[in-house]
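Encoded as structure tokens, the structure appears first; notes follow it.
The values are calculated or read from the model by the stated rules, or taken from the named source; none is laboratory data. A quick note: this is a predicted structure, and the numbers were derived from the prediction, not measured. A quick note on method: Cβ atoms are made from the backbone with ideal geometry, for glycine too, and the neighbour counts reach across all protein chains shown. Ligands, DNA and RNA are excluded from the accessible area calculation, which covers all protein heavy atoms including side chains. Shrake-Rupley method; radii C 1.70, N 1.55, O 1.52, S 1.80 Å.
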Amino acid sequence: AKVEEYLFQGKSVYLFDRGTCGADQTQLIIDAHCQKLGSLGGIMGNMNIQGQDFSQAKLVKVVWKK
């Protein structure tokens, strides 16, 4: 489980990864105002947030890690 900060579409966003607590878990992406932007992963393997591939995001820092 971890929380990471990324620079994405010119803004700071946060990835919330719950770790290995389920087979089809997604990673939640929120902005600095706690607005949900979307989810990554899951059974469909989604990698797009607001129409852009999240692999374009730049990792700023790990905020928290278990």
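Across the accessible surface of the chain, with the other protein chains kept in place and a 1.4 Å probe, carbon and sulfur atoms take up 52 percent. Distance between the C-alpha centres of region 24-40 and region 50-66: 10 Å, rounded to the whole angstrom.
A simple count of charges around D17, restricted to other residues whose Cβ falls under 10 Å of its Cβ and scoring Lys, Arg +1 and Asp, Glu -1, yields +3.
Aspartates and glutamates within cross-link reach of K66: Cα-Cα under 19 Å, excluding same-chain residues under 8 positions apart? Candidates past the 8-residue exclusion: E4, E5, D17. Each Lys or Arg adds one and each Asp or Glu subtracts one; over the other residues with Cβ under 15 Å from the Cβ of W64, this totals +2. Which net charge results when you count Lys and Arg as +1 and Asp and Glu as -1 among the other residues whose beta-carbon is under 15 Å from that of L28? My count for the surroundings of L28 gives -2. Taking Rg and Dmax of the Cα atoms in Å straight from the coordinates, which label in [x] 11.3, 32; [y] 10.2, 27; [z] 11.7, 39 is the correct one? Checking each listed value against the structure points to [x].
Taking 19 Å as the straight-line reach from the Cα of K65, the lysines in range (excluding those fewer than 8 positions away in the same chain) are K2. How much area per residue is accessible in the chain when the probe is 1.4 Å and only protein heavy atoms are counted (Å²)? About 68 Å² of surface per residue is accessible.
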